[in-house]
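Comments concern the structure below.
Readers should treat all values here as calculations from the given coordinates under stated rules, not as data from a laboratory. No experiment lies behind these values; they were computed from the predicted model shown. When we count neighbours, we look across all protein chains shown, and the Cβ atoms used for this are built from the backbone with ideal geometry, even at glycine.
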Amino acid sequence: MVPNGFESPPKSWKILKENIILTVGTIGLPVKNSDILLESLKSLDFEDWKFYFVGPVEKEFKNSIDTFYAEFPHLKGHVAFLGAVFDREKLAELYRKARVFILPSKHESFGIT
């Protein structure tokens, strides 16, 4: 078992990485530091890369997203907010495809129940 909760990939998985940068969490929570990601994306030359935000988006952050797309409409094809992905296989597929996983959180924890 690996720390992110996903077991080692079965031999049947073909790991074909794509030019995807992935972040997963509740988008817009201050602790998740989503605003610094959005700010940094403004200055990147994406060429054939895509950036995926995966997770529910806080209501307060939706205005920041709208402003981002209004200022940088050419990035709509490169920066996507996919929403919450509850299907573990679909989420695992995103992790498998992503060449880069980024976690800009100010701090992290895990739930103990």
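Less than 17 Å from a label point 7 Å out along the Cα-to-Cβ axis of residue 19: which backbone N atoms in the stretch 38-77 qualify, by residue?
41-52, 74-77
Expressed in nm to one decimal, what extension gain is obtained for the pair residue 105 and residue 60 from 0.36 nm per residue of sequence separation less their Cα-Cα distance?
Details: separation 45, 0.36 × 45 = 16.20 nm, distance 1.76 nm.
Separation in residues times 0.36 nm, less the Cα-Cα distance, equals 14.4 nm.
For a 18 Å ceiling on Cα separation, which of these pairs sit above it: 17/76; 32/59; 32/62; 50/76; 62/90; 32/90? Could the numbers behind the result be given before it?
Working: 17/76 22 Å; 32/59 14 Å; 32/62 15 Å; 50/76 10 Å; 62/90 24 Å; 32/90 22 Å.
In this structure, 17/76; 62/90; 32/90 exceed 18 Å between Cα atoms.
Can you tell me, using C-alpha contacts under 8 Å and at least 6 residues apart, the relative contact order of the stretch 49-104 as a whole percent? Mind showing how you got there, number by number?
Details: 33 pairs, mean separation 25.6, N = 56.
Normalised by residue count, the contact order of the stretch 49-104 is 46 percent.
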